[in-house]
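Right, one structure below, let's go through it.
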Amino acid sequence: MRSLRSIFQYLPRRGLFLSCLLSIPALLAAQGPALPQVGEIAPAAAEVREMELIPVGSDSEYELGVGDRIQVIVSGHEDLSGEFVIDGDGQFYMPLIDDVDAAGLNPAELEALIVEALKPDYLVNPRVNIQVLKYRPYYLMGEVLSTGAFPYLSGMSYLKAIAIAGGFSYRAKQDHVYVIRADDESLEEIKLPMSEKVQPGDIIRVAERLF
């Protein structure tokens, strides 16, 4: 059996141990924001997830181009409706109309073009709806961790486009990019800030910093 003296010697140590345990939550709070729990989305990932939720076909001013996949819906006529990919000539084949020149038009303009082609010879009052199912990709080269073609997301900046590809290399110049637009036949590079919006088909080059 322990003596009273040994018990009294033990009690202060036990109290010190308990006080240390009670102080742990305060110490953790002082370390800053907690790490995401299982099932939560980290802030950077949440930003990308938010971009992915933007409806693809919602950009009414988007100019269609080679490689875009679109859906054409002619109300009440499933035989005329379907999914089409704009080919290298900027066209796609549609029943009754044959080749449709789509490159350079936005969805509303393409709808009007198809309506005019269908009436009055084929349909009296055609109703047409166009949705962009998949944009043509953008391309990354230069001082980035991953080069190649990447899926375009509506509203993305050049900085986000590079982040999706893994980010900059350690030699990268990070304040601007050089871009060749898909519709520029001269293939001339233009210098743009990282905050500028990417356009589908952009060829993006990240330069090497000098020092």
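The residue pairs whose first member lies in region 85-105 and is under 13 Å from D68 (Cα atoms), whose second member is among the charged types (D, E, K, R), and whose beta carbons are closer than 6 Å, counting only pairs six or more residues apart or on different chains, are V85/R69; I86/D68; Q91/D99; Q91/D101; G104/E63. Note on region 171-189: among residues that are within 22 Å of the chain's Cα centre (by Cα) and aliphatic (A, V, I, L, M), the one that is surrounded by the most Cβ atoms within 10 Å (Cβ to Cβ) is V177. Filtered by the rule that a residue be surrounded by 17 or more Cβ atoms within 10 Å (Cβ to Cβ) and either free of Cβ contacts under 8 Å to residues at least 60 places away in the same chain or under 15 Å from the mean Cα position of the chain (by Cα) (or both), region 118-131 gives L118, L123, P126, V128.
Restricting attention to region 181-211, report how many residues are assigned to a strand (DSSP E or B) and either without any contact (Cβ under 8 Å) to a residue 24 or more places away in the chain or under 14 Å from Y135 (Cβ atoms) (or both).
Pass one, region 181-211, residues assigned to a strand (DSSP E or B): 190-193, 197, 203-206, 208.
This time we only want the ones that are either without any contact (Cβ under 8 Å) to a residue 24 or more places away in the chain or under 14 Å from Y135 (Cβ atoms) (or both), so: 190-191, 197.
Summing the residues that are assigned to a strand (DSSP E or B) and either without any contact (Cβ under 8 Å) to a residue 24 or more places away in the chain or under 14 Å from Y135 (Cβ atoms) (or both) in region 181-211 gives 3.
Yes/no per residue for (1) touching a strand residue (DSSP E or B) at 6+ places or on another chain (Cβ under 8 Å); (2) modelled with pLDDT of 90 or more; (3) assigned to a strand (DSSP E or B):
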site	(1), (2), (3)
L140	yes, yes, yes
S146	yes, yes, no
S154	no, no, no
L159	no, yes, no
A163	no, yes, no
Y170	no, yes, no
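Residue count for region 112-135, restricted to those that are of a type in the set (K, R), part of a loop (DSSP other than H, G, I, E, B) and within 22 Å of E61 (Cα to Cα): 1.
The values are calculated or read from the model by the stated rules, or taken from the named source; none is laboratory data. Everything numeric here is computed off the predicted structure, so don't read it as measured data. Using ideal geometry, Cβ is built from the backbone for each residue, glycine included, and neighbour counts are taken over all protein chains shown.
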